[in-house]
Amino acid sequence: MHTTPAPCPGNLPAELTRFIGRDADLDRLAGALAGARLVTVTGVGGVGKSRLALRAATQLKERFPDGVWLVDATAGGTVAHTALQALAPPDPGGLRPPDLLVRRLAGRRALLVLDGCERAGAECAELTATLLRGAPELRVLATGRRPLTVDGERMFPLAPLPEGDAVRLFTDRARTLVPGFALEGEQARTVAGLCRRLDGIPLALELAAGRLRGLTPEQLVRRLDDRFRLLVSSGRGRPARHRTLRTTIGWSHELCAPPERLLWARLSVFAGDFDLDAAEFVCGGEGLDSRDVAEVLGELVAQSVVVREEWRGQVRFRLLDTVREYGARWLPSAAEEERLRGRHRDWYLGTAVWAELDWFSPAQSEVPGRVERELPNLRSALEHCLCRPGEGHLGQQLTSSLWFYWLACGRLTEGRVWLNRALAAGSDDSAARSRALWVSGWLYLLAGEPATGRAELLESARLADLADDAASGAHTRQGLGVLHAVTGDVQQAVETLRDVLHRLRELGRLDSLALLAQSQLGLCLAFAGDTDEALGLLAEAYDLAVEHGELWARSCTLYAWGYTLWRRGVTVRALELSLECLAIKRTFRDVVGMTMTLEHIAPLVASRDPALAARLHGGAADGWQTVGPERFHSAHFDLPHSEAERLARAALGDEGYRDAVAEGRRLGLAEAVEELLASPTAAR
């Protein structure tokens, strides 16, 4: 005879909507409860702490035969009374509620879910400590916007939903309101963008889905600039604190002390994540000493207002967009916001300058990642400069300081956009404008627009002379030397670049651009047929790059060196140097460099593997398409392509060549590079 096991005692409510995602979080939370008697799920308001805790408690009932109990710490009255009412009516006898709870729970394997602890944090912490001491078999699963700080507590920070789960949640809730709601085509992209802008916060997603009664997803996105007015609900099934996004985030704001609220508002000027030094510089002063920022910031992390992350061994902080927008509303005045944005601009101008200095150092390979990480804030600082009268020169300084990022790290198009805007903003600072012009001129040359590049370089030269800026003048002439090479005037290119190298040495300049000038001169000498002098200059440039830990200019030197050896018929060594060059170019995602190097490797492998040479042409064609021109249309720069094509067509036939090129195009530049470097022996 079979008997049905008695149901587990408790008061957990049934779920009214589908639980979406969080499988890994549930597994980790179950493991945390197995190893600790107190686990506190923390996170920003609306992130789903209560829902996760209830789901986990429901799944873990079998572990707790004496009951799983939910206690709503936000219900009013004392938390101990609320807990007693959840477990059973209070016993008579005059015992205090905590003592009654200990009597009820002593010796029982039970789980107490203590939900919403932030409203009565001290009381929840005291009660939890009392219960854990008096009931050794008890486990407590707490939720709140900050930890309880009770001995033995294990914190469980809960992040927003990843994009895929966020889209699933939004779609599920949308279909309950709009039967037949379809996630396909442009609407799928719109919903994904909506979920990103709402930070993957489940409450925000559910409130947004609730607005589909009267709005399309596209209309929702357009109205998100005022998300706190938009995202409200009249649903009776929600706690009052979860009926509007403003109330949910505002509750966190109420729990903060005045210095925390002030810092929260000031941190809203950061567009991306940031470190402590940046927060101290930007947010310190006028009511908040910069020396106190670290402590106050730590409290905001504890309150789940600020997210703490680690990156490359350093601590970084960030605000979710929803939290940032709420904080911005508490800036006391437009003047205060302007002051903070000016401080933010100054910090990130300094960040760009330091990144440029570190570009010529053994840390060079780390610099692009640092710039990438700071890019949202750098863009915000640029936007500030370019929208304020009289600050155009600062925008020009900032954009030109990032020349290496635009030029060497695959950001040519974005660099041109910012430089065009900075130059259009105007300024009376001849030095700043000259520098921005030569950087812009270089980018136009690489994009296959030599006429525009020449005009900007000539204007840069005029302003450099006016400002007596010898370094800017030299780099302007360096760009003109490259222009001469691209347009076929090799002798003028050699003369110009020889003069540039002389000027830079007189100035005592030894950096990436100086080494680049030396390798450019070596390449032009090879174009002119003087391979002996070219090899001497390139070997010297290579040794200097190695000595100073410089990689990018070293890769440019390797390209020129490989080309020169190819022209002398030393193909095996030329291929070795070119593969070394390509590996470095890949490290920096140097699109132009990788593309030119594939073009150069093609004739080195064409005799032995013509199909590979043709595939490299296809991969390079994909690279050129992202830059602008179909190669430079220069006899000297195009010579490797022409020679490889001649050899490959002769071996494969026209149709075979076209098919192999098409295969390379389908691979794309990045995949073609990866394939070649993954099996370099295939090229030898």
Working only within the stretch 386-402, note down all residues that are surrounded by fewer than 24 Cβ atoms within 10 Å (Cβ to Cβ) and at negative phi. L386, C387, R388, P389, E391, G392, H393, Q397, S401
Within the stretch 384-416, can you find the residues that are farther than 22 Å from L458 by Cβ and of a type in the set (A, V, I, L, M)? L386, L394, L398, L402, A408
More than 30 Å from E299 (Cβ to Cβ), among the charged types (D, E, K, R) and either outside the structural domain of L141 (by TED's automatic domain parsing) or within 37 Å of the chain's Cα centre (by Cα) (or both) - does that describe any residue in the stretch 27-47? yes
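Give me a count of the residues in the stretch 155-203 that are of a type in the set (G, A, S), part of a loop (DSSP other than H, G, I, E, B) and touching a helix residue (DSSP H, G or I) at 6+ places or on another chain (Cβ under 9 Å).
Counting residues in the stretch 155-203 that are of a type in the set (G, A, S), part of a loop (DSSP other than H, G, I, E, B) and touching a helix residue (DSSP H, G or I) at 6+ places or on another chain (Cβ under 9 Å) gives 3.
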Return the residues of the stretch 403-432 that are touching a Gly at 6+ places or on another chain (Cβ under 9 Å), of a type in the set (G, A, S), assigned to a helix (DSSP H, G or I) and surrounded by fewer than 24 Cβ atoms within 10 Å (Cβ to Cβ); say none if nothing qualifies. A424, A425
Only one residue in D346, D289, D273 is within 22 Å of the chain's Cα centre (by Cα), more than 30 Å from L207 (Cβ to Cβ) and of a type in the set (D, E). Which one? D346
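Let's see how each residue does on (1) farther than 16 Å from T248 by Cβ; (2) crowded, with 22+ Cβ neighbours inside 10 Å; (3) among the polar types (S, T, N, Q):
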{"residue": "V47", "(1), (2), (3)": "no, yes, no"}
{"residue": "T58", "(1), (2), (3)": "yes, no, yes"}
{"residue": "E62", "(1), (2), (3)": "yes, no, no"}
{"residue": "V68", "(1), (2), (3)": "yes, yes, no"}
{"residue": "G76", "(1), (2), (3)": "yes, no, no"}
Starting from residues that are in contact (Cβ under 8 Å) with a residue 60 or more places away in the chain and not aliphatic (A, V, I, L, M), keep the ones in the stretch 358-370 and report whichever is nearest to V282 (Cα to Cα). P368
How many residues does the stretch 290-328 contain that are out of contact with any Cys (no Cβ under 8 Å at 6 or more places or on another chain), assigned to a loop (DSSP other than H, G, I, E, B) and surrounded by 13 or more Cβ atoms within 10 Å (Cβ to Cβ)? 4
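Every residue, every condition in (1) among the basic types (K, R); (2) over 24 Å from G214 (Cα atoms); (3) modelled with pLDDT of 95 or more, yes or no:
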| position | (1), (2), (3) |
| --- | --- |
| S233 | no, no, no |
| L255 | no, yes, no |
| D275 | no, yes, yes |
| S290 | no, yes, no |
Could we say that Y563 is surrounded by fewer than 24 Cβ atoms within 10 Å (Cβ to Cβ) and either in a helix (DSSP H, G or I) or without any contact (Cβ under 8 Å) to a residue 60 or more places away in the chain (or both) here? no
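Listed here are the residues, each with its yes/no results for (1) more than 36 Å from the chain's Cα centre (by Cα); (2) at pLDDT 95 or above; (3) hydrophobic (A, V, I, L, M, F, W, C); (4) within 13 Å of H636 (Cβ to Cβ).
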{"residue": "G473", "(1), (2), (3), (4)": "no, yes, no, no"}
{"residue": "L513", "(1), (2), (3), (4)": "no, yes, yes, no"}
{"residue": "A526", "(1), (2), (3), (4)": "yes, yes, yes, yes"}
{"residue": "A553", "(1), (2), (3), (4)": "no, yes, yes, no"}
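Could you say whether any residue in the stretch 384-394 is in a helix (DSSP H, G or I) and within 21 Å of D273 (Cα to Cα)?
So far as the stretch 384-394 goes, yes, one or more of its residues are in a helix (DSSP H, G or I) and within 21 Å of D273 (Cα to Cα).
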Test Q491 against the criterion of being part of a helix (DSSP H, G or I), of a type in the set (S, T, N, Q) and more than 35 Å from the chain's Cα centre (by Cα), and give yes or no. yes
Under 7 Å by Cβ, and 6 or more places apart or on different chains, what pairs join a residue from the stretch 121-139 that is assigned by TED's automatic domain parsing to the domain that holds A57 and among the polar types (S, T, N, Q) with one that is surrounded by 16 or more Cβ atoms within 10 Å (Cβ to Cβ) and outside any helix (DSSP H, G or I)? T128/L38; T128/L114; T128/V140; T128/A142; T128/L148; T128/V150
If G448 passes every condition in (1) among the small types (G, A, S); (2) assigned to a helix (DSSP H, G or I); (3) over 29 Å from D358 (Cβ atoms) but one, which one does it miss? (2)
Residue hits (the stretch 248-289; surrounded by fewer than 17 Cβ atoms within 10 Å (Cβ to Cβ) and not in a loop (DSSP other than H, G, I, E, B)) are G250, E254, P258, L276, D277
Select, from L523, L558, L537, the only residue that is of a type outside the set (G, A, S), under 20 Å from S578 (Cβ atoms), free of Cβ contacts under 8 Å to residues at least 24 places away in the same chain and in contact with a Ser or Thr (Cβ under 8 Å, 6 or more places away or on another chain). L537
Write out, first by first residue and then by second, each pair whose Cβ atoms fall under 8 Å of each other, whose residues are 6+ apart or on separate chains, and whose first residue, in the stretch 328-357, is more than 18 Å from A279 (Cβ to Cβ) and in contact (Cβ under 8 Å) with a residue 24 or more places away in the chain while the second is crowded, with 19+ Cβ neighbours inside 10 Å and hydroxyl-bearing (S, T, Y). A352/S401; V353/S401; A355/S401; A355/Y405; E356/S401
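The values are calculated or read from the model by the stated rules, or taken from the named source; none is laboratory data. These numbers were taken from a predicted model, which means no experiment stands behind them. Glycine also receives a Cβ, built like all others from the backbone with ideal geometry; neighbour counts cover every protein chain displayed.
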